[in-house]
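Colleague: Structure provided below as structure tokens; questions to follow.
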Amino acid sequence: MVEFEVFYRKQVRLVYGLARARAEGPEQAEDLTQETFLRAWRSFGGLSGMEPAAQRAWLMRTVRNLSIDAWRRREVEVVGSRTLEGSAWGGSPEQSDLHLDVMGALAELEEGDRELVVMRYVEEMNSREIGEALGRPEGTVRRRLARCREMLARRLAQWGPEEAE
Amino acid sequence: MEEREVDGRLTEVLQKGLGVTREREETMWGELAARRALEMAAWSAFVGAIVRMTRNLRPAMQACAWPGPFYRE
């Protein structure tokens, strides 16, 4: 259990961030995260022997598939919808505005770019690590991240991140 | 603003905006561990029940042993 807990603490931000970036409300994202790690726990015998990049890829695939299944079951429209407004944020009005702006900004990205953004800014991975996890060249990751950074800085300017000079 | 500063600020804004907090991680861990413990307990109970049933069934089966459909006295 200790080994799994170490694994969990290393990966939970990535998994939760990905679930949230897929326009899941906080409760749904927590459910998805739990279900992902429950499956990981059941398969931990095999998973623990994998390289970290392969473990991350497994987790990302699992959360992606579970999210798709959940959406099919609920038949709810994806982003910019009542899902965002209806989700119980529970924070202050300012936090709620920040949350909506962040979700709106992420909605403008392609799905693949959303994953890049979560890996970079939530999990704080560098371009090489992201490239390894996704099986893409580091240069490609850097270029796509630069594009995302520009868009996010513009979109979220009121919260502080100005565009790079 | 330098790229590194932009990255730092975006990290802060996105983590806050997505609700990625230590508190949430701890809560989720607690619930996950509880759920897994329940799962293991349920599985143990199920396996235990099967073993007991098999153990109890054997003498009963032997006591009323049926010689087979083609047996003629």
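Colleague: Select from the range A:48-64 the residues that are surrounded by 12 or more Cβ atoms within 10 Å (Cβ to Cβ) and under 17 Å from A:Tyr16 (Cα atoms) and list them in ascending order. It would help to see each step written out before you state the result.
Modeller: Keep residues of the range A:48-64 that are surrounded by 12 or more Cβ atoms within 10 Å (Cβ to Cβ), which gives A:48, A:50, A:52-60, A:62-64.
Correct list: A:Gln55, A:Arg56, A:Ala57, A:Trp58, A:Leu59, A:Met60, A:Thr62, A:Val63, A:Arg64.
Colleague: Follow-up question, since we're still on this one. Among the residues of the range A:115-130, write down those that are crowded, with 20+ Cβ neighbours inside 10 Å and assigned to a helix (DSSP H, G or I).
Modeller: Taking the range A:115-130 as the starting set, the residues that turn out to be crowded, with 20+ Cβ neighbours inside 10 Å are A:115-123, A:127, A:130.
Hits for the range A:115-130 are A:Glu115, A:Leu116, A:Val117, A:Val118, A:Met119, A:Arg120, A:Tyr121, A:Ser127, A:Ile130.
Colleague: Quick check: anything in the range B:50-59 at pLDDT below 90 and facing chain A (nearest Cβ under 8 Å)?
Modeller: First, the residues of the range B:50-59 that are at pLDDT below 90: B:50-59.
This time we only want the ones that are facing chain A (nearest Cβ under 8 Å), so: none.
No, the range B:50-59 contains no residue that is at pLDDT below 90 and facing chain A (nearest Cβ under 8 Å).
Colleague: Still on this structure, I have one more. For the range A:29-62, which positions are within 14 Å of another protein chain (Cβ to nearest Cβ) and either hydrophobic (A, V, I, L, M, F, W, C) or touching a residue at least 60 places away in the same chain (Cβ under 8 Å) (or both)?
Modeller: A:Ala29, A:Leu32, A:Phe37, A:Leu38, A:Ala40, A:Trp41, A:Phe44, A:Leu59 - these are the residues of the range A:29-62 that are within 14 Å of another protein chain (Cβ to nearest Cβ) and either hydrophobic (A, V, I, L, M, F, W, C) or touching a residue at least 60 places away in the same chain (Cβ under 8 Å) (or both).
Colleague: Right, next: Looking at B:Arg9, B:Arg36, B:Arg4, B:Arg24 in this structure, which one is at the interface with another protein chain (Cβ under 9 Å from one of its Cβ atoms) and either in contact with a Phe, Trp or Tyr (Cβ under 6 Å, 6 or more places away or on another chain) or not charged (D, E, K, R) (or both)?
Modeller: Numbers: B:Arg9 fails: either in contact with a Phe, Trp or Tyr (Cβ under 6 Å, 6 or more places away or on another chain) or not charged (D, E, K, R) (or both); B:Arg4 fails: either in contact with a Phe, Trp or Tyr (Cβ under 6 Å, 6 or more places away or on another chain) or not charged (D, E, K, R) (or both); B:Arg24 fails: either in contact with a Phe, Trp or Tyr (Cβ under 6 Å, 6 or more places away or on another chain) or not charged (D, E, K, R) (or both).
Result: B:Arg36 is the single residue among B:Arg9, B:Arg36, B:Arg4, B:Arg24 that is at the interface with another protein chain (Cβ under 9 Å from one of its Cβ atoms) and either in contact with a Phe, Trp or Tyr (Cβ under 6 Å, 6 or more places away or on another chain) or not charged (D, E, K, R) (or both).
For every residue, the table says whether it meets (1) at pLDDT 90 or above; (2) exposed (fewer than 15 other Cβ atoms within 10 Å of the Cβ); (3) in contact with a helix residue (DSSP H, G or I) (Cβ under 8 Å, 6 or more places away or on another chain); (4) closer than 15 Å to B:Leu32 by Cβ.
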{"position": "A:Ala21", "(1), (2), (3), (4)": "no, no, yes, no"}
{"position": "A:Pro26", "(1), (2), (3), (4)": "no, no, yes, no"}
{"position": "A:Gly46", "(1), (2), (3), (4)": "yes, yes, no, no"}
{"position": "A:Arg74", "(1), (2), (3), (4)": "no, yes, no, no"}
{"position": "A:His99", "(1), (2), (3), (4)": "no, no, yes, no"}
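Rundown of residues vs (1) under 18 Å from the mean Cα position of the chain (by Cα); (2) more than 10 Å from chain B (Cβ to nearest Cβ), yes/no style:
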| position | (1), (2) |
| --- | --- |
| A:Glu115 | yes, yes |
| A:Val118 | yes, no |
| A:Ser127 | yes, yes |
| A:Glu132 | yes, yes |
| A:Gly139 | no, yes |
| A:Leu152 | yes, no |
| A:Arg155 | no, yes |
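Colleague: Continuing with this model, one more query. Quick one: would you say A:Val15 is touching a Leu at 6+ places or on another chain (Cβ under 7 Å), of a type in the set (A, V, I, L, M), within 10 Å of chain B (Cβ to nearest Cβ) and buried (at least 21 other Cβ atoms within 10 Å of the Cβ)?
Modeller: Judged against the criteria, A:Val15 is a match.
The values are calculated or read from the model by the stated rules, or taken from the named source; none is laboratory data. Note that the structure is a prediction, hence the values are computed from the model and not measured. Quick reminder, even Gly has a Cβ in these numbers, built from the backbone with ideal geometry, and neighbours come from all protein chains shown.
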